[in-house]
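Student: Take a look at this one; I'll ask things after.
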Amino acid sequence: MPNVKYLFFHTAAADIRNVDARRIDRWHRDKGWSGIGYHYVIIDDRHDTLPDGAVEKGRAENRNGAQVLGANSISLGICCVGHGNVTDFTQAQKVSLVNLLVKLADKYNVPTENILGHREVNTLVDSDILDESARTSKSCPGNKVDTNEIRGLVEVARSGGTIASATGLGAQSPDVVVEALRIIAANEEMLGNAREEWRNFFFNGEIQALMES
């Protein structure tokens, strides 16, 4: 079980549709690994069945990851689907990522400064915290991703601020809300034991009026 001192976030480095935890697991098994190396995967807006920002579990938290060479025994890894050298994480991904980072950081008592993009493992090497063998030439989580922004949003959340508004995901137009509800309704089997609560909400008179407006 890792002694969690750091939380790393990554890009999947795959500019294609329908990347998810199952697909990444297959990629990693094809490399001869025991399975997906990340502990969590966050979906982008190019998946046919999963909504933007959906969080999937990967490797169990009590198992060392295969995500940052030299730091797997002291960290957990989160992968955001997409390619960070092509485009930034979606706004929904950022909200999910920050909320998950806050949850894990609080659970394992990880300070915000120990939340790093993969490439920032080099700062640990430069500080003699990790051996030179841990140094990476990767740009992960990508040149388009501002790691300082992510840490700043984590700080906002940890101090009681609102992540949705900080990332521009505050108030949305009715069309956006209706589309989100339709996506959930089409995939309600994913809600498991929460389906009954979802249906009670969805078939509320005001919600149905919104859907018909």
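Student: Give me a comma-separated list of calculated 3J(HN,Hα) values for region 55-60, in order, Karplus coefficients 6.51, -1.76, 1.60 applied at θ = phi - 60°, integers in Hz, x for any Gly or Pro.
Tutor: 9, 10, 7, x, 5, 4
Student: Return a whole-number percent for the relative contact order of region 6-166, with Cα pairs under 8 Å and 6 or more residues apart as the contact set.
Tutor: Once normalised by length, the contact order is 27 percent.
Student: Among 111, 51, 141, determine the one that fluctuates most according to a GNM of the chain built with springs between C-alpha atoms less than 10 Å apart.
Tutor: Comparing 111, 51, 141 in a Gaussian network model of the chain, the most mobile one is 111.
Student: Using just the helices of the chain, give the 222 nm mean residue ellipticity in deg cm²/dmol: DSSP H runs with n ≥ 4 each add -39,500 (n - 2.57), and the total is spread over all residues, rounded to 500.
Tutor: Computed mean residue ellipticity for the chain: -11000 deg cm²/dmol.
Student: From the phi angles alone, apply the Karplus equation (6.51, -1.76, 1.60; θ = phi - 60°) to region 4-13 and give each ³J(HN,Hα) in whole Hz, x where the residue is Gly or Pro.
Tutor: Each residue's phi maps through the Karplus curve to give 6, 10, 9, 10, 10, 10, 9, 9, 6, 6 Hz.
Student: Which of these, 194, 180, 14, has the largest mean-square fluctuation under a Gaussian network model of the chain (Cα springs below 10 Å)?
Tutor: Result: 194 has the largest fluctuation of those listed.
Student: Taking other Cβ within 10 Å of each residue's Cβ, how do 135, 26, 151 sort, fewest first?
Tutor: By the 10 Å Cβ count, ascending: 26, 135, 151.
Student: Could you tell me whether region 9-99 comes out rounded, prolate or oblate from its Cα gyration tensor? Rule is a ≥ b ≥ c as square roots of the eigenvalues, rounded for a/c under 1.5, then prolate if a/b exceeds b/c, otherwise oblate.
Tutor: Taking the square roots of the gyration eigenvalues as a ≥ b ≥ c, region 9-99 is prolate.
Student: Additional query: Sort 74-80, 87-93 by the packing proxy (mean of other Cβ within 10 Å over each peptide's residues), most packed first.
Tutor: Result, highest mean first: 74-80, 87-93.
Student: Any lysines with Cα under 23 Å of the residue 107 Cα? List them, leaving off those in the same chain fewer than 8 positions away.
Tutor: 5, 57, 94
Student: Checking the a/c ratio against 1.5 first, then a/b against b/c, what shape does the Cα gyration tensor give for the chain?
Tutor: prolate
Student: Most exposed first by the Cβ proxy, i.e. fewest other Cβ within 10 Å, how do 38, 108, 6 rank?
Tutor: 108, 6, 38
Student: Fewest to most neighbouring Cβ within 10 Å: what's the order for 45, 131?
Tutor: Least crowded to most crowded, the residues run 131, 45.
Student: Based on DSSP, what percent of beta bridges with both residues in region 6-166 are antiparallel, to the nearest 5?
Tutor: 20
Student: Order of 154-160, 182-188 by packing, highest average Cβ count within 10 Å first?
Tutor: Listed from highest to lowest mean packing, they are 154-160, 182-188.
Student: In terms of modelled amide H atoms, which long-range or inter-chain residues lie less than 5 Å from the amide H of residue 117?
Tutor: 9
Student: Just to check I understand the Karplus step: with θ = phi - 60° and J = 6.51 cos²θ - 1.76 cosθ + 1.60, what whole-Hz values come out for region 41-50, glycine and proline as x?
Tutor: Each residue of region 41-50 in turn: 10, 10, 6, 9, 8, 10, 10, 6, 10, 9 Hz.
A short reminder: the numbers here are calculations on the coordinates, not readings from a lab. Bear in mind the structure is a predicted one, so any value in this text is a computation, not a measurement. Don't worry about glycine lacking a Cβ; one is built from the backbone with ideal geometry, like all the others, and counts go over all protein chains shown.
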